[in-house]
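Just below is one structure, and these are the notes that go with it.
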Amino acid sequence: MVIEFIKENLLLFLIVIIILLILSMYNYLIKLRLRVKQSKSVIDVYLQQRFDLIPNLVNVVKGYINYEKEVLENLTKLRMEFNNTKNISVSEELNNQLNRIIIKAEDYPDLKANDQFLNLQKNLAKMESQLQAARRLYNNDVTKYNTKIRVIPFNLIAFVCGFKEEKLFEIDK
Amino acid sequence: MKYNNEFELIYQNILNNNKEDLEVARKYARNEIIKNVIIVLFFLIAGIFIYIKTEYNIIIFRMYLFLLIVIYFIFMRYRKESKLSIYKKEFKKRVIKVLVDSFDENVEYFPCKGIDSNVYDNAEFDKYHSYNSEDLIYGKLKNDSNFSMAEVHTYYKTRTRNGEYRYHKLFFGILSVVTTPKPFNAKLYLRQNKNVLNKTFLFRYPLGKLRVELDSYLFEENFDVYSSDKIIAMQLLTPDIMQLLIDFKKKMKINYELTIKSNRIYIRFMCGKMFENTNVLKFSLDKKTLYKYYKMIDFTLDLSNKLIKLINDTEYGV
């Protein structure tokens with residue numbers, strides 16, 4: 001009885017199938033895009049956690065590195081700027097400054113032996129590892145999403161519904 | 001196949017000290033098997049001859065079979081240890097023990113002991129109906145981890161139309177377990193790519209929702225990764241570790257799976273029966289076979305050391 005019904009209304013049946021397919025493809029692209037956003041927010045969380053250690057670092061280091069006072073002040077300013085703007089280039093500059101201070105600390109044996117500083121260094125290294133993992137996940141999700149919106153037939157849905165390519169996380173040259 | 005210098009030294013050491021004795025034991029075992037085959041064939045031909053000569057008299061034939069059964073039971077009751085059994089024991093004592101000692105003097109070999117089934121269950125490899133383990137290698141390593149490795153056999157059962165249970169092979173291979181000095185606060189599972197057409201697929205633990213896709217196409221072709229924490233999975237499965245895992249699989253052509261849970265790293269190798277050189281027709285110290293044993297132990301220790309270091313770095317900082 002069902003088969004007869006389908007035979008009589010074949011065109012209608014095909015239209016329904018096509019609509020369902022289009023909807024499922026659209027939903028799939030939405031899921032991929034949301035996954036990319038989620039991965040990006042995970043990177044932001046880890047970056048924020050890392051930069052939240054800056055005040056502690058400045059307090060520990062300033063007792064030892066007196067003549068680098070400007071560097072420490074600059075670091076604090078950059079952190080405030082990042083908190084306000086969430087600018088990627090600011091976060092990269094902040095990261096670079098942080099790494100420079102850690103490297104500079106190698107020249108101060110007293111600072112290197114300080115327990116608080118060692119703890120901070122440990123935490124920063126741990127967060128750096130988490131950040132790298134988060135970036136790999138993000139790039140993975142972006143690649144999957146960008147590939148999907150380029151292949152047929154998803155590219156048709158992407159074109160009609162305005163799905164745009166996302167940028168991969170890359171290190172500045 | 002190229003063998004590394006370390007293995008060559010170990011192999012030469014085993015060869016120089018054990019070749020003659022093992023070859024003698026192997027030949028005795030081989031001759032015993034040939035003798036048994038000849039005896040069986042003799043009785044079979046005698047039975048057929050009697051059956052034909054007595055003009056297909058079924059009663060006389062049945063009496064002959066009954067006599068054979070009685071002789072068989074008497075033989076089994078009073079026979080001494082078979083030469084094959086002696087050869088296997090000699091092989092384990094002389095070859096496997098020396099191989100194990102070359103890695104760490106603190107590691108011991110126990111041919112009659114195995115890894116407990118609870119340990120295997122913790123790794124969540126598969127759900128079985130019957131479990132057996134033997135040939136345990138166990139000890140404390142220089143980095144304070146406990147290391148154990150043993151042959152494991154698991155079986156699943158099916159019911160026939162008559163209501164009888166039949167057991168089928170599920171997993172035959174080696175299980176290695178290394179404890180980590182500090183606990184691991186997530187779960188990581190590395191499995192061979194799913195093959196839904198394989199019967200053993202039904203007995204695997206369902207991990208589907210924990211799937212993590214890695215950023216290496218080659219790695220994804222060989223393994224499926226599942227984890228309760230994607231970030232930690234990425235931290236542990238660095239490009240170096242992924243390369244190590246792929247290289248071992250491609251070079252040694254052995255499939256394996258990995259679980260990291262609480263404070264243990266479990267690796268199971270799908271390599272069949274390993275620590276028994278039952279092929280008495282082959283030279284007892286076959287280099288290729290020994291190299292497989294060597295590489296499995298070496299890979300387990302190397303991978304565990306690297307993973308332990310990464311676990312310490314990721315969970316507790318450098």
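The values are calculated or read from the model by the stated rules, or taken from the named source; none is laboratory data. Nothing here was measured: the structure is a model prediction, and the numbers come from that model. Glycine also receives a Cβ, built like all others from the backbone with ideal geometry; neighbour counts cover every protein chain displayed. Note: areas computed on protein heavy atoms with side chains; ligands, DNA, RNA excluded. Shrake-Rupley method; radii C 1.70, N 1.55, O 1.52, S 1.80 Å.
For the reader, a short list of remarks on this structure follows.
- Checklist (1) over 16 Å from B:F103 (Cβ atoms); (2) open to solvent by 10 Å² or more (accessible area, probe 1.4 Å); (3) modelled with pLDDT of 75 or more applied to B:L307, failing item: (2)
- If you filter the range A:118-166 down to residues that are aromatic (F, W, Y) and touching a residue at least 60 places away in the same chain (Cβ under 8 Å), you find that the one that is farthest from A:V60 (Cα to Cα) is A:F154.
- Here B:T180 passes the criteria (1) over 26 Å from B:N312 (Cβ atoms); (2) surrounded by 14 or more Cβ atoms within 10 Å (Cβ to Cβ) except the one numbered (1).
- For the range A:107-118, the set of residues classified as open to solvent by 60 Å² or more (accessible area, probe 1.4 Å) and more than 10 Å from chain B (Cβ to nearest Cβ) consists of A:D107, A:P109, A:D110, A:K112, A:A113, A:D115, A:Q116, listed by residue number.
- Entry remark, the range A:145-168: residues being within 14 Å of chain B (Cβ to nearest Cβ) and loosely packed, with under 15 Cβ neighbours inside 10 Å number 2 in total.
- When residues in the range A:22-44 are screened for being open to solvent by 80 Å² or more (accessible area, probe 1.4 Å), among the aliphatic types (A, V, I, L, M) and within 14 Å of another protein chain (Cβ to nearest Cβ), 0 of them pass.
- The residue list B:A46, B:A29 contains one member that is free of Cβ contacts under 8 Å to residues at least 24 places away in the same chain and open to solvent by less than 50 Å² (accessible area, probe 1.4 Å), which is B:A46.
- Scanning the range A:119-138 for residues that are within 7 Å of chain B (Cβ to nearest Cβ), within 11 Å of the chain's Cα centre (by Cα) and open to solvent by 40 Å² or more (accessible area, probe 1.4 Å) gives a single hit, A:R136.
- Contact map, the range B:107-124: first residue closer than 20 Å to B:S145 by Cα, second residue open to solvent by 30 Å² or more (accessible area, probe 1.4 Å) and in a helix (DSSP H, G or I), Cβ cut-off under 7 Å, separation 6 or more or different chains; pairs are B:Y109/B:K97.
- Within the range A:1-47, the set of residues being closer than 30 Å to B:T314 by Cα and hydroxyl-bearing (S, T, Y) comprises A:S39, A:S41, A:Y46.
- The residue of the range B:48-82 that is farthest from the chain's Cα centre (by Cα), among those that are among the β-branched types (V, I, T) and more than 27 Å from B:I33 (Cα to Cα), is B:T54.
- Single residue of the range A:72-105 satisfying the filter (open to solvent by 50 Å² or more (accessible area, probe 1.4 Å) and hydrophobic (A, V, I, L, M, F, W, C)) that is nearest to the chain's Cα centre (by Cα): A:I88
- Scanning the range B:104-135 for residues that are acidic (D, E), open to solvent by less than 70 Å² (accessible area, probe 1.4 Å) and at pLDDT 80 or above turns up B:D121, B:E124, B:D126, B:E134, B:D135.
- Among the residues making up the range B:69-103, those that are touching a residue at least 40 places away in the same chain (Cβ under 8 Å) and either surrounded by fewer than 13 Cβ atoms within 10 Å (Cβ to Cβ) or in a loop (DSSP other than H, G, I, E, B) (or both) are B:S82, B:S102, B:F103.
- Comparison of B:S85, B:S102, B:S117 shows that the only residue that is more than 24 Å from B:R26 (Cβ to Cβ), out of contact with any Lys or Arg (no Cβ under 6 Å at 6 or more places or on another chain) and of a type in the set (S, T, N, Q) is B:S117.
- Residues that are away from chain A (no Cβ under 14 Å) and buried (at least 16 other Cβ atoms within 10 Å of the Cβ), drawn from the range B:229-243: none
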